[in-house]
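The numbers here are math on the coordinates, done by the rules we state, and not lab data. Not measured: the values here are computed from a predicted model. Because the Cβ atoms are built from the backbone with ideal geometry, glycine has one as well, and the counts that use them run over all protein chains shown.
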Amino acid sequence: MDKIIVTVLLIIAGLTAAFAVFNSVYPAAERGGQAMSNAADDISDRITTRIEIIQVGATDTTVDAWVKNIGSSRILGISNSDIFFGPEGNMSRISYGDEESPLPYWSYQLEGSYTTWELTATNAVTIHMAASLDAGVYLFKMVLPNGISDETSFSVEE
């Protein structure tokens with residue numbers, strides 16, 4: 001009779017231990033799997049995203065740049081992109097904004113009838129400056145929210 005009680009108690013203890021181990025290991029494995037899935041999605045997004053700056057020019061107090069989506073995916077969160085602009089060796093980040101924002105700020109308008117930045121769509125980016133640009137060489141760089149970027153230089157002549 002003692003052996004039966006001891007055996008039952010050991011079975012109950014074993015089941016309880018197995019249940020405790022399962023409850024601690026399974027959530028960790030689930031989180032690890034989700035992290036791997038998220039990392040794969042991020043890598044896929046970066047691989048399929050590409051932009052190319054087609055043209056940049058300046059008139060009076062505006063700098064106009066045309067940027068084309070040459071990747072195979074739609075680009076989301078355009079206003080969360082970073083624009084860096086300035087003379088060689090003195091670039092600064094320009095904030096996204098609208099007419100009520102302090103200068104300088106940048107805005108964008110998708111060319112054509114696009115409402116999202118689809119493959120082959122061109123985005124017209126305008127930097128609104130406080131004053132006209134001096135003569136010299138300037139750099140323009142656009143960095144998308146996922147880190148993909150392109151940059152180019154252009155010159156302003158008097």
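The figures follow:
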| item | result |
| --- | --- |
| Additional length obtainable on full extension of the chain from residue 137 to residue 157, 0.36 nm per residue less Cα span | 6.3 nm |
| J(HN,Hα) series, the stretch 116-130, from Karplus relation 6.51 cos²θ - 1.76 cosθ + 1.60, nearest Hz, glycine and proline x | 10, 7, 7, 4, 6, 6, 10, 10, 8, 9, 10, 9, 9, 9, 7 |
| Taking the chain and dividing mean pair separation by its residue count, relative contact order in percent (alpha carbons under 8 Å, at least six apart) | 23 |
| Rounded tilt (10° steps) of 2-48 against the dominant C-alpha axis of the chain | 10 |
| For the stretch 46-62 versus the stretch 76-95, the gap between their alpha-carbon centres in whole angstrom | 11 |
| Within the stretch 51-156: Cβ-based charge dipole about Cα centre, in debye rounded to nearest 20 (Lys, Arg +1; Asp, Glu -1) | 260 |
| Signed unit charges on C-beta, dipole axis of the stretch 100-158, positive-most listed residue 128, 156, 145 | 145 |
| Within a Gaussian network of the chain (alpha carbon springs, distance under 10 Å), most fluctuating of 23, 123, 80 | 23 |
| Among (i) 28, 28, 13; (ii) 58, 16, 13; (iii) 32, 17, 11, the entry that matches semi-axes √(5λ) of the Cα gyration tensor in Å as calculated here | (ii) |
